[in-house]
1. Is it true that HIS193 is in a strand (DSSP E or B) and within 24 Å of THR86 (Cα to Cα)?
2. Answer yes or no: is there a residue in segment 43-58 that is under 22 Å from PHE220 (Cβ atoms), among the hydroxyl-bearing types (Ser, Thr, Tyr) and modelled with pLDDT of 90 or more.
3. Looking at LEU147 and the list (1) within 27 Å of PRO27 (Cα to Cα); (2) modelled with pLDDT under 95, which single condition is not satisfied?
4. So, of the residues in segment 203-219 that are touching a residue at least 60 places away in the same chain (Cβ under 8 Å) and farther than 24 Å from GLU152 by Cα, which turns out to be surrounded by the fewest Cβ atoms within 10 Å (Cβ to Cβ)?
5. Looking for something at pLDDT 90 or above and more than 27 Å from ASN209 (Cα to Cα) - is there at least one such residue anywhere in segment 102-121?
6. Any residue in segment 194-211 that is under 16 Å from the mean Cα position of the chain (by Cα) and of a type in the set (Ser, Thr, Tyr)?
7. Check VAL123 against each of (1) closer than 29 Å to THR206 by Cα; (2) out of contact with any Gly (no Cβ under 9 Å at 6 or more places or on another chain) and name the one condition it does not meet.
8. Quick one: count up the residues across segment 107-118 that are touching a Ser or Thr at 6+ places or on another chain (Cβ under 9 Å) and surrounded by 15 or more Cβ atoms within 10 Å (Cβ to Cβ).
Amino acid sequence: NDSMVSLPTTAWSSTVPSTSPPGPWPPDVDFCDLLYCSEVYCCPPPAGGRTSPNLTSTESAGAEESDLRDKRGKKLKKLKRTTDWTNTTMNSFMIKESQQLIDSRYCLRDECGQGRYTYRVPVSKFVPVNMRVTLLMNSTELLVVHLCSFDESAACSSLLDINTVAGSRYMSNTQGEHEWPLHVARLYHSSYHFRSAVAGQADCSTDQNYAGALFTDYHFRFYRRCTD
């Protein structure tokens, strides 16, 4: 009566392959849960322009960046010994409208730490050019986020009047709540440089050697992914 009965396991070890193809990686920013993803809104690259943001670097630039990281590391250790040092990193980034997280999957391997983070984010070909795309930033500390620079020159001119892009304006910073409605849906590719810091301790003019100590830099590069 104490003997154990072996249960069949074949039902749990099926090797039938999945019929659905893998999606793009990292996942596109899309709104397929909100809209029908049937119409394609891709546009050709601007005449004479690059088809994607320039992500190349030279050996000398790499050596310079390595030297900067060393300097930042020393400054960060020194400042952390003080009692008033505040962590200026953000906890999370999200596309507000779709609740999609922009996390380490999008962060470039060599630019994902030491006070500098670069995210390359594909935008689905099904996103309408007039779609609102809000980048939501969350932090545990009370920080100011500065928009130090942006490039929105590569407009989807075949689908949108260039004047509607040229006339766009952004606030210079946000405090407490960080919501940035960006015009990425109108553009073939675009880039944004944000800097998070404690109010009064750093802004866009602060020496970059203090990255990771007095502020954290975030670079976002959005681009339309129009090929499978």
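1. On the way: in a strand (DSSP E or B): yes; within 24 Å of THR86 (Cα to Cα): yes.
Considered against the rule, which asks whether it is in a strand (DSSP E or B) and within 24 Å of THR86 (Cα to Cα), HIS193 comes out as yes.
2. no
3. (2)
4. Filtering segment 203-219 for residues touching a residue at least 60 places away in the same chain (Cβ under 8 Å) gives 208-219.
Right, trim to farther than 24 Å from GLU152 by Cα and you get 209-215.
On the way: ASN209: 15, TYR210: 18, ALA211: 23, GLY212: 23, ALA213: 23, LEU214: 23, PHE215: 27.
Top of the filtered list is ASN209.
5. no
6. Step one: filter segment 194-211 for residues under 16 Å from the mean Cα position of the chain (by Cα), giving 194-196.
Within this subset, residues satisfying the condition of being of a type in the set (Ser, Thr, Tyr) are 196.
Checking segment 194-211: at least one residue is under 16 Å from the mean Cα position of the chain (by Cα) and of a type in the set (Ser, Thr, Tyr).
7. The one condition VAL123 does not meet is (1).
8. Step one: filter segment 107-118 for residues touching a Ser or Thr at 6+ places or on another chain (Cβ under 9 Å), giving 107-108, 110-112, 115-117.
This time we only want the ones that are surrounded by 15 or more Cβ atoms within 10 Å (Cβ to Cβ), so: 107, 111, 115-117.
The number of residues fulfilling the criteria is 5.
The values are calculated or read from the model by the stated rules, or taken from the named source; none is laboratory data. The structure displayed is predicted, hence computed values, not measured ones. A quick note on method: Cβ atoms are made from the backbone with ideal geometry, for glycine too, and the neighbour counts reach across all protein chains shown.
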